[in-house]
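Here's the structure, in structure tokens; my notes come after.
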Amino acid sequence: MRNVVLTAVGLRCAAGSVPVLPDRSWGRPDPDAAALGVPLVARVEGVPEHPDFPDDRKGALAFAAAADAMVGAPMGGRRGVWLGTGLSSLTPDELVRDLYPHLRDGRFDRASLARDLDPSHPAPRRHVPERVTQVIASEYGASIAETSFSACAAAAMSIAEAARAVARDEVDFALAGGHDAMIHPIGLLSFVVLGALSSSVGRPFDRRRDGFLIGEGAAVFRLEAEEDARARGAPILARWLGAGTSVDAHNVTAPHPEGHGAALAMARALRDAGLTAADIDYVNAHGTGTPVGDRAESLAIRKVLGDVPVSSFKGAVGHTVAAAGAVELALCLAAFREGVLPGTVGLEEPDPECPANVLVANVARRPRVILSNSFGFGGQNCALVIGAP
Amino acid sequence: MRPVSLVAASLFCPAGIGDGGTGAALPGPVPGFAPHAHGVPRKHLKTMTRAVQLGVAAVYAALEDWPTWRTVPPDRRGLYVGASPQQGDAEDIAPALDATGVPFTLGGFAERGVPLIPPLWLVKGLSNNILGYASAQFDFQGDNGNWCDGRLGGAIALTNAIHAIAEGRVDLAVAGGADALVGAEAILGAPCGEGAAFLVLVAGDVGKTRVRAGLPTVDGGETGLGELGAASVPVALARHWLGGLMEVRAGGVHLFRP
């Protein structure tokens, strides 16, 4: 197995396209969100629509991030693309155009609905989640294209699989990450009916937390064998050390209350990296800001990693859902570069029910090894471990 | 690297269930499929789409075929799934749209429609529901993955499962895929079917069949049973193996007798 390094990153999140540690919340009022009772969203500004993905921000975000990750890439070679993604939803226009005409007395007339489905319309293509991965793979000459659909763990899962493929020498380099954009009426609605969104600001690990700030974004990394990158003189942003995945095997919609699956994923990541708890300098928590999730994760961190400093980026850039594992790993690179352990934007009153050592404010200390958590609906958990270059 | 063996397989396809599914058939639904009779808990049926029911039933059937799985610790059991996004039942939002009225406004939808939408509407649409439900039902806590790559999804699940065992991340892997595409003919432009198949893979030299993984591909996933989406390659492999073939290549998976 070969050693793997991260040699480039493309990032699009509410805080921008340069991995720097966010120092404030990027949640802003939005008229569509307000109509659904959602006070703030963390939207990405200035992302041009991609011609292949009309009205699909996920695709546009992914393309922009992938293009940045390809800057300085080696010519030729065996390439693969691993991306995590989320649900595509109907737009309100599509609701009105495609569904309303088929409503009969509060139910859909399925026969007329099926008759009117038009395969030439771009909407069905947009709703095919793997299409973004395939088009990016085609654009960059990749022979492997894999799409992880593991809810909020999808991007982290993709990065782990890509790193393994590079380590196994299946590809010379991989583009890996995730993309998601749920800040549209039907996407927001999905979380509103679940009661998952905050009624105010995102406050991970805070006593008053009541849900998450929704964000959107994409991040794509270039992963290469260390020997190849060093031979080319490529900049090394981080060393890949390992990953661990698990399933809660508990409940499709709720995390294990004691964080059993989360703890398993972190313990496996440590083992995969050949490290012990004492080697971890900082944990980027999944830390969404939901009452149950933050408590379960903090119990798991305390159990596996002890008093390690922990924080969450979700109070700043929001929960970017399927993209979270990649967007936040990109922000972790800034911790290496800036020599700072980031605090938790939005956290003012740490919850004593969350026993992890959660940082309220930044701490000037350069981490050598970072562990980053991502947990998804369905109980899928993934922890990634990277080292300073 | 550890050797990997295939010890059991389940099969649900338009030709039938289990050994009965190895023959020819027209594209369409799985004949005789009754979710609760195939191990799917009744309490979850309302929050499962047809593809999820098929997938969970196929995991159940695969494990029933190799009872030794219970001796493997839960954290050494891996589950690897190819699946499409599960389109939440359109009927779930029909009452909300009806209550919103015409012209559609977001404000009206929020006020009158949203309260009528079931809370688990989003959850029902997730692609990883087979993995979520099956892992909880059978206590699989180990390495895992869910891939949403059309026909390629099942092949990716299988090849990654083989790697996971060979590299020592799990000792037992249940890997395959499920899809239910009947009704999608207008979108896909082809006859469609539904199907699910999962292979039980274990570490070491066990039984008569060994397995190796190459790069995942859709090659060899043709079944003549219509478009089966993520189930294509797993169904093709299960049909070959249950039909008695010992040397098979499909989807980047190589089954062989040592």
Mean ellipticity per residue at 222 nm, deg cm²/dmol - from DSSP H runs of n ≥ 4 across chain A, formula -39500 (n - 2.57): -9000 deg cm²/dmol
Spin-label pair A:ASP23/B:LYS208, simplified geometry with 7 Å Cα→Cβ offset, distance in nm: 7.1
Positive minus negative residues near B:TYR133 (Lys, Arg vs Asp, Glu; Cβ under 14 Å): +3
Extension reserve of the A:GLU94-A:ARG230 stretch, reckoned as 0.36 nm per residue once the Cα distance is removed: 44.0 nm
Proximal lysines relative to A:LYS314, as straight alpha-carbon distance under 21 Å, when same-chain residues fewer than 8 apart are discounted: A:LYS58
Distance from region B:23-79 to region A:203-217 (C-alpha centre basis), Å: 36
B:THR105/A:ARG337 FRET efficiency (R0 41 Å; Cβ-Cβ; nearest 0.05): 0.30
Net charge of neighbours whose Cβ lies under 12 Å from the Cβ of B:VAL202, counting Lys and Arg as +1 and Asp and Glu as -1: +2
Lysines with Cα under 24 Å of B:LYS43, excluding same-chain neighbours fewer than 8 positions away: B:LYS124
Cα-based helix-to-principal-axis angle, B:152-166 vs chain B, degrees rounded to 10: 50
Environment charge at A:ALA323 (Cβ cut-off 15 Å; Lys +1, Arg +1, Asp -1, Glu -1): 0
Selected from A:HIS256, A:HIS179, A:HIS286 as most flexible by GNM, with chain A as the system and alpha-carbon contacts under 10 Å: A:HIS256
Helix B:232-242 axis, angle to chain B major axis (alpha carbon atoms, nearest 10°): 40
Other-chain or far-sequence residues with amide H under 5 Å of A:TYR282's (modelled H): A:VAL369, A:LEU371
Trypsin sites (Lys or Arg not before Pro) restricted to DSSP loop in region A:8-58 with at most 11 other C-beta within 10 Å: A:ARG24
J(HN,Hα) series, region A:38-54, from Karplus relation 6.51 cos²θ - 1.76 cosθ + 1.60, nearest Hz, glycine and proline x: 9, x, 9, 9, 9, 8, 8, 9, x, 9, x, 5, 8, x, 7, 10, x
In range of the label at B:GLU167: residues from region A:218-249 whose backbone nitrogen is under 11 Å from the point 7 Å along Cα→Cβ: A:242-245
Cβ-Cβ FRET estimate between A:ALA364 and A:MET1, R0 fixed at 41 Å, reported to 0.05: 0.70
Among B:ARG210, B:ARG70, B:ARG50: highest mean-square fluctuation, GNM of chain B, C-alpha pairs under 10 Å: B:ARG70
Distant-in-sequence amide H partners of B:ASN146 (H built 1.01 Å from N, under 5 Å): A:PHE149, B:VAL81
Sorted by Cβ density within 10 Å, fewest first, the residues B:TYR80, B:TYR133, A:TYR100: A:TYR100, B:TYR133, B:TYR80
For chain B, built as a Gaussian network whose Cα springs stay under 10 Å, the top-fluctuating residue of B:ALA236, B:ALA157, B:ALA34: B:ALA34
Label-to-label distance, nm, for residues given as A:ASP172 and A:ALA278 (7 Å Cα→Cβ offset): 4.2
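Only the coordinates and a few stated rules stand behind these numbers; no lab work does. All values derive from a computational prediction rather than experimental measurement. Quick reminder, even Gly has a Cβ in these numbers, built from the backbone with ideal geometry, and neighbours come from all protein chains shown.
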